[in-house]
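The values are calculated or read from the model by the stated rules, or taken from the named source; none is laboratory data. All values derive from a computational prediction rather than experimental measurement. For neighbour counting, all protein chains shown are included, and Cβ atoms are generated from backbone atoms with ideal geometry for every residue, glycine included. To get the accessible areas, we keep the full protein, side chains included, count just its heavy atoms, and leave off ligands, DNA and RNA. Shrake-Rupley method; radii C 1.70, N 1.55, O 1.52, S 1.80 Å.
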Amino acid sequence: MRVGIIGGGPAGLYLATLLARADPTHEVTVVERNSPDATFGWGVVFSEETLAELRDVDHETFVALDDLLVRWQALDIRYRGQTIRSRGHGFSAISRVQLLGTLQERARSLGVRLRFEHEAAGPETFADRDLVVGADGIASTVRTRLQDAFGTSFQPHASRYAWFGTDLLFDVFTFIFEETPHGLFTVHGYPFDGGTSTFIVEVSRDTWQRAGLDRMSEEESLQFCQTLFADHLGGHKLMSNRSVWTRFVTVRNRTWHHRNVVLVGDAAHTAHFSIGSGTKLAMEDAIALARALTESPHDLEAAFTHYELDRQIPVERFQDAAADSARYFEHVGRHVGFAPDQFAFNLLTRSGRITRLGLELRDPAIVNRVDRWHQAHATGRALTAEPLVAAAPRHAPLTLAGVTLPNRVVLSLAATDVAQEGAPGRPHETSLLAAVTAGAGLVVTEPLAVSAHGRVTSGSAGLYHEAHVEAWHTILARLRSEGDTLVAARSGHAGRRGATRPRRLGLDRPLPPKEAWPLLAPSPLPYTPRAQVPRDLFERDDDVVGDFAAAAAHAAAAGFDLLVVDMSDGYLLASVLSPLTNRRDDLWGGPLDVRLRYPLRVLDAVRAVWPRERPLAVRLNVDDRHPDGLAPEDGVAIARILREHGCHLVDVVAGHTVADGATAPDYRRQFLVGLSDRVRNEAGVATVTSGAITTFDEVDTIVAAGRADLVVLDPGRHYLPDRTRRRP
């Protein structure tokens, strides 16, 4: 096979080596626009897992690299005058110049032709070759020429960063967080040879501008950072290698091949540098592509298909983890003020690849410190030498208003758990009993209608009749005999999502007209094309505010421990809040502060009748997941105002404001945790989070990291008791 590779970085050189090693009859040429010793970074980091794969694939290359690696087994976090060391993190680093030199030498020894300082015009540079590989990095000429065929997309990140070097030799990978009058600056530093370290400075856009860095030259910004971090540098200097401020861009491609052209490394995908995966992913691409070509040497399409099947899912997972990590550093300022151990734990678990259990296997000492701190913080006691160990974070109590929850696990009943059709307003006692006996700290009922016209389905349970109070009082007394779990009533009005068939028969299927009841909404927009057009909420004399207040009084009389006012999922109050569904231009529509008036009237009315010694919560749609809807910053602003109006807890949810599919969340694991983190630590209110959370380890990680105060286990865990919990 005649192979042309455009790009002489790690991906291109390693692929050339593996192809030439697999079959000496291959004619492999690599062209690179720069000189052999040119590089625009400093050091490259490898995990132990990546090095093990390199060792197995081409031992000769591994041996040559192994002698040049700087290794460490820990990382330091410098925060507010303290240095917190976490052990058990095995990494190695090498100078990028040394890495490229080693790969060049190995490729030449196998007969690969290397052409430097040659600018490739694009794939046509190798028009006579059987295979053309685009390994030319994030600014790939190959990808740009075939951008439509590859389906390329770019996502720039908000932060700015500059990639410096320093003659200070760090002992281990080191994070530095420096607070300044301009804002927070972050350093990612690590050694990569006997006398030099990488020193990446990252900063939010606003801080970058306030510091005047957007107007400084390369030398001026270097001097600024050298002065700022003088105490950490200890007399050592920063060094520049085209160290200009830039934004990281995540590159994705729908497909990585077109005809006989294929992409590898940063040309195909990028992942934020904060998880150190760029070169790793590039070289793993080379391994997978070489393997696929070796297995299907006469069928490029089959080889490319196998290559993409092998690599796309792992790369997407890394990109998701890297995106979570990048968002952490973009918004790390919200965690300033955390205790040092919790701050460190939050950092170490930021991408989701390490959980509390995973960290405990690496460094049990730091996990024990976090557990002890969290238990002391939760109970209001001073942190002392005793006890030597503490229970996992999920077992810590949480006090809201005058009520203490025994632990941090929440089970939430879905609307499909309600009674059979024909028994409207009746609670589903069996589901509640099962949830209580599972040992959660809090169980939240299915949605309970505040009026007959506020029901979601014809089988919805309610809080709008005296009979409901008596029924719930009996049920709650029975539940309390089974355990110390608290029970919350989720109270709401369906709005334009009402008058549907029971959800066990399908979602949002409207009732026949003879069985339906009139719906209310701020604007006459049906939820689905088949749904009825709602009446104007503000032109009728329907006393919805009074219905919410009456339902709250009924919930208090029934003995519920906590009340949740529902402002989510496209129901009535959520539809008032969202610009997607509130199209008014009068006293109840327009800017956010105006759209908030009616939900606040409801909350204030509820607050007036709900007992002060019991917590009041709001289930809030924080993000519409739509370009024209509520954005996370709007959700944070709403949560802050709700707190000022007496809300103790916000259940953070997103999407479902409209039914066109555009507002559905990305249903990956823990998809709402980031929003909860933002609301909790920017709005200053306790939060509940949910979203494909299925293990107690995930609960412990979220709570210990300060991303939420309570965690809803996925419905599949409802009937799986926490066996680590022991009742007296």
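Quick notes on this structure:
- Share of carbon and sulfur in the accessible area of segment 251-388 stands at 53%, probe radius 1.4 Å.
- In this structure Glu698 has an accessible area near 20 Å², from a 1.4 Å probe over the protein heavy atoms.
- Tilt relative to the chain, helix 218-228 - C-alpha long axis, 0 to 90 degrees, to 10: 60
- Cα centroid of segment 193-238 to Cα centroid of segment 14-61, whole Å: 32
- Crossing angle, helix 48-57 versus the chain [Cα axis fit, 0-90 degrees, rounded to tens]: 50
- The chain, dipole about Cα centre (Lys/Arg Cβ +1, Asp/Glu Cβ -1), debye to the nearest 20: 1460
- Ellipticity estimate at 222 nm from DSSP helix runs (n ≥ 4, -39,500 (n - 2.57)) divided over the chain, nearest 500: -10000 deg cm²/dmol
- Accessible area expressed per residue, the chain, with surrounding protein chains retained (probe 1.4 Å, Å²): 40
- Carbon plus sulfur fraction of accessible area for segment 1-146, probe 1.4 Å, in percent: 46
- Near Phe329: Cβ cut-off under 9 Å, other residues only, Lys/Arg at +1 and Asp/Glu at -1. The net charge is 0.
- Taking N as the residue count of the chain, its C-alpha radius of gyration divided by 2.2 N^0.38 Å amounts to 1.08.
- Proximity of backbone amide H atoms, modeled 1.01 Å from N, is registered between Leu486 and Leu442, Val443 at under 5 Å, excluding neighbours fewer than 5 places apart on the same chain.
- Of the listed residues Arg87, Arg21, the order by accessible area with a 1.4 Å probe, largest first, is Arg87, Arg21.
- Given a 1.4 Å probe and the protein chains as shown, Met239 ends up with an accessible area of around 60 Å².
- On Cα atoms only, tilt of 632-644 relative to the major axis of the chain in degrees: 40
- Relative contact order, percent, the chain [alpha-carbon distance under 8 Å, six or more residues apart]: 9
- For the chain, with +1 on Lys and Arg beta carbons and -1 on Asp and Glu, the positive-most of Val564, Val187, Trp588 along the dipole: Val564
- Think of the chain as a dipole: +1 on every Lys or Arg Cβ, -1 on every Asp or Glu Cβ, centred on the Cα centre; then among Ser690, His257, Ala550, Ala550 lies furthest on the positive end.
- Of all accessible heavy-atom area on segment 624-695, the percent that carbon and sulfur account for (1.4 Å): 49
- Span from the segment 578-605 Cα centroid across to the segment 350-367 one, whole angstrom: 44
- Length gained on full extension, Leu592 to Arg259, computed as 0.36 nm times the residue gap minus the Cα-Cα distance: 114.8 nm.
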